[in-house]
Amino acid sequence: MTERVRQTTSSQHQMPSVADYIVHRLAREGVDHCFGVAGDYVFPLCDAVDRSSEVKWIGCANELNASYAADGYARIRGAAMLVTTYGVGELSALNGVMGAKAEHSLIFHLVGMPSYQNQRLRKIAHHTLGDGIFGNFVNISAQGACCHAVITPENCMVEMERLIAEARYNNQPAYIAVPMDFAVTPVVSSEVKPVRLASNEESLSQAFAAIEKRVESAKSIVVLPAFTLARLGLQKEAQKLIEALGCPFATTSMEKGMIGEGHPYFAGVYLGAVSDEETRKIVEGADLVLDLGGVNLNDINTASYSAQLDASRIISVGLNDVQVGQRIFGSVRLADMLSALSKLKRKLAPYRRKPAQTARLDGKPSERISMKALYPRYASFLRAGDTVVLETGSSSPGLTPVALPDGVRVESQVLWGSIGWATAAALGIALADPSRRTVLITGEGSHQLTANEIGTMGRFGANVTIFVLNNDGYMIERALEENPDWTYNDLAKWKYADLPRALGCADWFTAHVETLGELDAAMKQARSSKSGAYVEIVGGRMDLPPVLAFAHTRLGEMYGSAPSLAQ
């Protein structure tokens with residue numbers, strides 16, 4: 001967003017159409033793929049993408065999948081483009097866009113509206129409520145964004161700069177609605193200049209002084225780098241600060257692998273009461289907890305609210321402000337604060353962790369697959385340069401405690417927790433950076449929601465390696481209630497290993513495995529596959545990973561205790 005946008009006073013017919021202008025402007029934000037589903041009201045925007053030399057159209061199986069894919073893409077590239085039609089399309093995508101808002105993933109959500117002419121005439125049209133009102137959905141979809149606008153030829157250039165600036169400021173979605181007749185109309189020239197996001201120097205200086213004072217007086221410090229650092233590409237800056245302080249750092253589930261777990265200052269994954277004991281003591285016993293980016297201490301990250309953190313010891317450096325005790329320093333950008341804090345020095349000896357032990361690959365080849373044997377094998381499968389996408393269900397809590405090789409990027413949706421996210425998100429992640437191998441680890445319950453996006457992976461050459469755990473139903477739901485046997489936790493019994501071929505991926509390696517020997521052989525073949533790979537893993541119905549088993553014992557703490565029924 002550094003290039004100045006200027007248009008000459010050339011005649012109106014020489015100006016680009018609104019749709020072409022929007023697509024070109026977003027391409028300059030680093031977006032070169034557009035996820036979406038076609039529809040008549042959005043045809044002009046689809047046409048603009050299709051004729052663009054800068055952006056490639058990625059047609060998804062449905063709008064929900066497209067929004068998940070855009071979320072995954074934005075996590076890697078910093079921003080994404082999503083195109084859906086009015087009403088039925090935008091509302092189908094809203095769950096995914098809301099998840100992006102919750103977890104600070106920037107999606108530019110473009111929606112094609114009925115023409116301004118038909119809106120003014122209050123015509124009864126399809127995809128409406130039949131009442132002649134065309135603003136029914138704008139306020140709904142806008143709730144999934146941090147900013148929104150209905151674009152006209154007159155406001156297009158000015159509004160696009162405002163929307164981009166606000167979306168970048170919050171690193172959250174922007175909702176951009178375009179009536180279809182306006183989309184093909186030339187933009188009206190305006191003199192515009194992109195907004196440069198910068199800190200207030202005085203506020204930045206005061207925040208730095210307040211933190212420096214706390215650092216100097218602290219006998220022990222721990223850093224909790226937040227997931228937002230990865231959204232903004234600030235991992236190296238955070239690591240530089242940690243190394244300047246010489247203090248340990250820990251991550252929650254949302255930040256796993258963000259800074260290499262082989263780093264000598266890494267103190268482990270903090271998961272409340274189920275943390276490694278040394279990790280728990282370092283985090284909960286520190287005089288000062290330096291939160292970089294806004295760590296989200298939700299029920300999942302804290303293992304059912306079992307974390308014991310003293311709020312008075314926490315300094316939080318957010319995206320746009322800093323909190324030290326009861327004082328807030330506004331207009332302080334995270335990148336600027338990291339740069340300033342990296343100049344800090346401590347007199348105490350730097351932290352050095354004990355080398356982490358590699359998880360053992362236990363079990364005989366003839367044994368059935370257990371979670372104890374499975375997750376270390378996942379870790380062993382992964383290599384530096386891989387991106388692993390973890391589903392919200394049992395996959396994320398299963399792999400989080402296991403040490404991974406440096407250079408493995410981990411993506412999961414811990415806070416919003418929409419099952420099905422990971423399969424479609426893996427598509428966007430794979431296309432965002434094809435130089436890395438994308439590995440999807442999911443369970444069958446989540447996978448059944450969005451498995452049709454495998455066809456899109458094959459169509460566009462997104463060669464994802466997929467591991468699907470088939471354990472006879474929704475394991476995550478069985479774990480989060482006292483009675484795991486309700487019929488609503490059962491699923492249709494799919495032949496998962498047959499899916500890739502049925503969905504057009506005939507050249508993928510596929511396997512159905514039930515023993516450790518079969519799993520080891522399939523993993524070896526999947527690793528060497530030049531196209532995608534798909535491995536269906538049969539596991540035990542109630543074989544829970546340890547973190548999930550712990551959550552099963554704390555249902556009252558997670559959901560609140562219900563009153564006892566009268567006898």
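Taken over the stretch 336-366, the residue count meeting the criterion of being under 30 Å from the mean Cα position of the chain (by Cα) and buried (at least 16 other Cβ atoms within 10 Å of the Cβ) is 9. Of the numbered criteria (1) open to solvent by 10 Å² or more (accessible area, probe 1.4 Å); (2) free of Cβ contacts under 8 Å to residues at least 60 places away in the same chain, the one G132 fails is (1). Residues that are without any contact (Cβ under 8 Å) to a residue 12 or more places away in the chain and either part of a loop (DSSP other than H, G, I, E, B) or open to solvent by less than 30 Å² (accessible area, probe 1.4 Å) (or both) within the stretch 311-335 comprise just one, Q326. L229 fulfils the conditions (1) over 16 Å from S316 (Cβ atoms); (2) open to solvent by less than 10 Å² (accessible area, probe 1.4 Å) except for a single criterion, (1). Would you confirm whether any residue within the stretch 527-536 is under 22 Å from V388 (Cα atoms), of a type in the set (S, T, N, Q) and crowded, with 20+ Cβ neighbours inside 10 Å? No, because not a single residue in the stretch 527-536 is under 22 Å from V388 (Cα atoms), of a type in the set (S, T, N, Q) and crowded, with 20+ Cβ neighbours inside 10 Å. Taking the listed residues A209, A125, A165, the one that is surrounded by fewer than 21 Cβ atoms within 10 Å (Cβ to Cβ), in a helix (DSSP H, G or I), among the small types (G, A, S) and free of Cβ contacts under 8 Å to residues at least 60 places away in the same chain is A209, with no other qualifying.
Looking at this structure, is T510 β-branched (V, I, T), out of contact with any Cys (no Cβ under 9 Å at 6 or more places or on another chain), modelled with pLDDT under 95 and farther than 23 Å from S396 by Cβ?
no
For the residues S418, S394, the requirement of being within 23 Å of T228 (Cα to Cα) and either out of contact with any strand residue (DSSP E or B) (no Cβ under 6 Å at 6 or more places or on another chain) or buried (at least 24 other Cβ atoms within 10 Å of the Cβ) (or both) singles out S418.
I need the full set of residues from the stretch 40-54 which are open to solvent by 10 Å² or more (accessible area, probe 1.4 Å) and either in contact with a helix residue (DSSP H, G or I) (Cβ under 6 Å, 6 or more places away or on another chain) or within 25 Å of A422 (Cα to Cα) (or both), in order please.
Y41, P44, S52, E54
Within the set I259, I176, the sole residue that is open to solvent by less than 10 Å² (accessible area, probe 1.4 Å) and under 30 Å from Y41 (Cβ atoms) turns out to be I176.
Residue by residue through the stretch 180-205, note down the ones that are within 17 Å of G330 (Cβ to Cβ), more than 30 Å from the chain's Cα centre (by Cα) and surrounded by fewer than 16 Cβ atoms within 10 Å (Cβ to Cβ). Across the stretch 180-205, the qualifying residues are E201, E202, S205.
Can we say K343 is assigned to a loop (DSSP other than H, G, I, E, B) and at pLDDT 90 or above?
Working: assigned to a loop (DSSP other than H, G, I, E, B): yes; at pLDDT 90 or above: yes.
For K343, the condition - assigned to a loop (DSSP other than H, G, I, E, B) and at pLDDT 90 or above - is met.
Listed by position, the strands (runs of 3 or more DSSP E) inside the stretch 439-545 whose residues that are in contact (Cβ under 8 Å) with a residue 40 or more places away in the chain number at least 3 are 465-470, 533-538.
Quick check: anything in the stretch 378-388 closer than 28 Å to D299 by Cβ and either at pLDDT below 95 or of a type in the set (G, A, S) (or both)? Don't jump to the end; show me each part of the working.
The first filter runs over the stretch 378-388 and keeps only residues closer than 28 Å to D299 by Cβ, leaving 378-379, 382, 387-388.
Imposing the further condition that a residue be either at pLDDT below 95 or of a type in the set (G, A, S) (or both) reduces the set to 379.
Scanning the stretch 378-388 turns up at least one residue that is closer than 28 Å to D299 by Cβ and either at pLDDT below 95 or of a type in the set (G, A, S) (or both).
With respect to (1) in contact with a helix residue (DSSP H, G or I) (Cβ under 9 Å, 6 or more places away or on another chain); (2) buried (at least 19 other Cβ atoms within 10 Å of the Cβ), the lone exception for S306 is condition (2). Of these, N95, N65, which one is modelled with pLDDT of 95 or more, open to solvent by 40 Å² or more (accessible area, probe 1.4 Å) and either out of contact with any Lys or Arg (no Cβ under 9 Å at 6 or more places or on another chain) or closer than 16 Å to G428 by Cβ (or both)? Matching residue, one of N95, N65: N95. Can you tell me which residues in the stretch 262-292 are in a loop (DSSP other than H, G, I, E, B) and buried (at least 20 other Cβ atoms within 10 Å of the Cβ)? Those that are in a loop (DSSP other than H, G, I, E, B) and buried (at least 20 other Cβ atoms within 10 Å of the Cβ): Y265, Y270, L271, S275, A286. Mind listing just one residue for me: the one in the stretch 291-305 that is at pLDDT 95 or above and in contact with a Pro (Cβ under 9 Å, 6 or more places away or on another chain) and, of those, nearest to H552 (Cα to Cα)? Top of the filtered list is V295.
Among the residues making up the stretch 232-256, those that are open to solvent by 20 Å² or more (accessible area, probe 1.4 Å) and within 20 Å of the chain's Cα centre (by Cα) are L232, G233, Q235, K236, M254.
The values are calculated or read from the model by the stated rules, or taken from the named source; none is laboratory data. Here the structure is a predicted model, which means the values were calculated and not measured. Don't worry about glycine lacking a Cβ; one is built from the backbone with ideal geometry, like all the others, and counts go over all protein chains shown. These area figures cover heavy atoms from the full protein model, side chains too; ligands, DNA and RNA do not enter into them. Shrake-Rupley method; radii C 1.70, N 1.55, O 1.52, S 1.80 Å.
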